[in-house]
Amino acid sequence: MATPALGAPYRRLWTATLLSNLGDGIRAAAFPLLAAALTSSPVLISGVAVATQLPGVLLALPAGSLADRFDRRRIVVTADAIRLVFLLGLIALIVSGGATMSVLYVVVFISGATDVVRATAASTLVPSLVPHEHLDIANGRMVTAEIAGNEFLGPPLGGYLFGVALVLPFAVNGGTLAIAVALVAGIPALLQTPAGATAGAKAGRRPNRTGGGMHWLRHHRGFWPVPATSAALALTDSAWFTLLVLYLHQVLHLSSAWYGILLAAGAFGGLSGGYFAATLTRRIGPKATALTCLALAAAGQLALGTTSSVLATAAVLASSSMAFAIWSVQARTAIQSSVPPDLLGRVISINRAVITAASLAGAGLGGVVASRLGLHAPFLLGVPVLIAAGILIAASTGTFADAG
């Protein structure tokens with residue numbers, strides 16, 4: 001398949017997304033390290049993780065409504081600009097010795113909140129920047145940029161920079177955000193105007209609120225496999241991934257140094273999945289691709305639930321991340337292809353909210369199951385869930401792309 005030219009506006013958005021997610025990855029490593037430098041309390045340090053995840057629960061749906069009612073390009077620019085301002089404030093307080101845990105919580109929460117808003121708005125921009133027939137390729141490149149910044153490059157860079165100087169990772173993140181703001185600001189405003197919203201305004205209709213996305217989903221049951229598959233993959237992945245450190249020590253009997261190696265294997269799988277997702281979907285079709293993703297995830301969890309192999313663990317991390325990345329591309333493309341433009345942000349945000357809720361539920365469920373049945377149990381727990389999702393997809397009529 002020849003690689004199409006997606007145009008300068010898309011390249012600006014892609015580069016800005018890479019830089020923004022690189023900053024996210026840097027902060028993901030630097031925030032806990034800064035917390036540990038400010039306090040020795042495990043409760044306060046774990047609160048950083050809570051402050052990071054909370055915006056995804058509270059703001060996913062409002063972010064979709066925001067993306068459908070206002071200029072999406074300006075939302076991306078504003079979100080990154082707000083994050084930049086708070087980072088600069090944190091940098092000033094670190095340099096002056098005035099940084100506290102309360103300040104850190106505020107910056108972490110604002111960073112998470114603006115990331116939710118930015119990611120939703122950026123996803124709605126893609127269909128207005130590239131031709132419809134190239135959406136899968138454009139989304140594949142976006143997912144690859146997100147994984148490269150968030151998982152592959154950002155965290156190790158953040159840890160290294162923090163070791164050089166406490167303020168350095170936040171300063172570098174500030175620089176990447178400043179460039180990202182300038183890149184998105186240079187995208188022509190005309191290209192990203194929500195056509196459906198414009199048409200609605202001309203007809204004298206008031207913009208729908210968050211419920212509009214739910215209303216659309218209720219009346220398009222052929223589309224339900226999309227959020228259902230997102231939930232199944234997120235729940236089962238989170239159930240075991242949050243316990244990977246314990247699995248590493250107690251089952252594989254490896255040192256902590258291996259944790260980074262295994263995470264790198266997973267990130268490499270995710271990058272490969274994002275890159276090849278469009279080719280795979282075009283070759284075997286949306287339904288077969290979704291079933292392949294679920295089969296990969298189920299086979300991997302069955303392998304880790306019944307073996308204790310380092311090689312198998314690395315392979316499963318790579319394959320499960322690949323499956324999740326491929327599905328992310330397919331889900332985005334299906335939503336962008338099927339949902340009316342003036343509801344796009346809300347349906348995207350509903351899918352994101354489903355993923356966040358399922359991830360949190362999976363983390364809690366995995367911990368409970370492991371404490372009662374052992375560390376192999378969370379892996380085996382996910383297999384029937386993934387099989388059930390596969391049955392739902394196999395029984396669905398039509399394809400995701402024509403569900404609308």
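The values are calculated or read from the model by the stated rules, or taken from the named source; none is laboratory data. Computed from a prediction, not measured in an experiment: that's the story for all the values here. Here Cβ is always computed from backbone atoms with ideal geometry, including for glycine, and neighbour counts include all displayed protein chains. Please note that ligands, DNA and RNA were not included when accessible areas were found on the heavy atoms of the full protein model with its side chains. Shrake-Rupley method; radii C 1.70, N 1.55, O 1.52, S 1.80 Å.
Things worth noting here:
- Where labels lie 7 Å past Cα in the beta-carbon direction, separation of residue 387 and residue 102 in nm: 5.4
- Accessible area (Å², per residue) of the stretch 36-142, counting only protein heavy atoms and a probe of 1.4 Å: 41
- Solvent-accessible area per residue for the stretch 226-373 (1.4 angstrom probe, square angstrom): 38
- Diffusion constant of the chain at 20 °C, which comes from Stokes-Einstein with the Kirkwood Cα-pair radius and 1.002 mPa s, µm²/s: 99
- In this simple spin-label model, placing a label point 7 Å from the Cα along the Cα-to-Cβ direction at both residue 295 and residue 372 gives a separation of 3.3 nm.
- Along the stretch 112-126 the Karplus relation, 6.51 cos²θ - 1.76 cosθ + 1.60 evaluated at θ = phi - 60°, assigns HN-Hα couplings of x, 5, 5, 5, 4, 5, 5, 4, 5, 5, 5, 5, 6, 6, 4 Hz to successive residues, with x for each Gly and Pro.
- Packing-based ranking, highest mean first, of 292-303, 140-151 given that Cβ atoms within 10 Å are counted: 140-151, 292-303
- Taken along the Cα-to-beta-carbon direction at a fixed 7 Å, the label points for residue 160 and residue 312 span 3.4 nm.
- Solvent-accessible area, 1.4 Å probe, carbon plus sulfur percent, for the chain: 70
- Two-decimal log10 I(q)/I(0) for the stretch 87-183, as the Debye equation yields it once each C-alpha is a single scatterer, q = 0.17, 0.22, 0.23 Å⁻¹: -0.91, -1.28, -1.35
- Segment residue 288-residue 93, length gained on full extension (0.36 nm per residue, minus Cα span): 64.9 nm
- Each 10 Å bin from zero holds the following percent of Cα-Cα pairs in the stretch 1-150: 11, 36, 32, 15, 5, 1.
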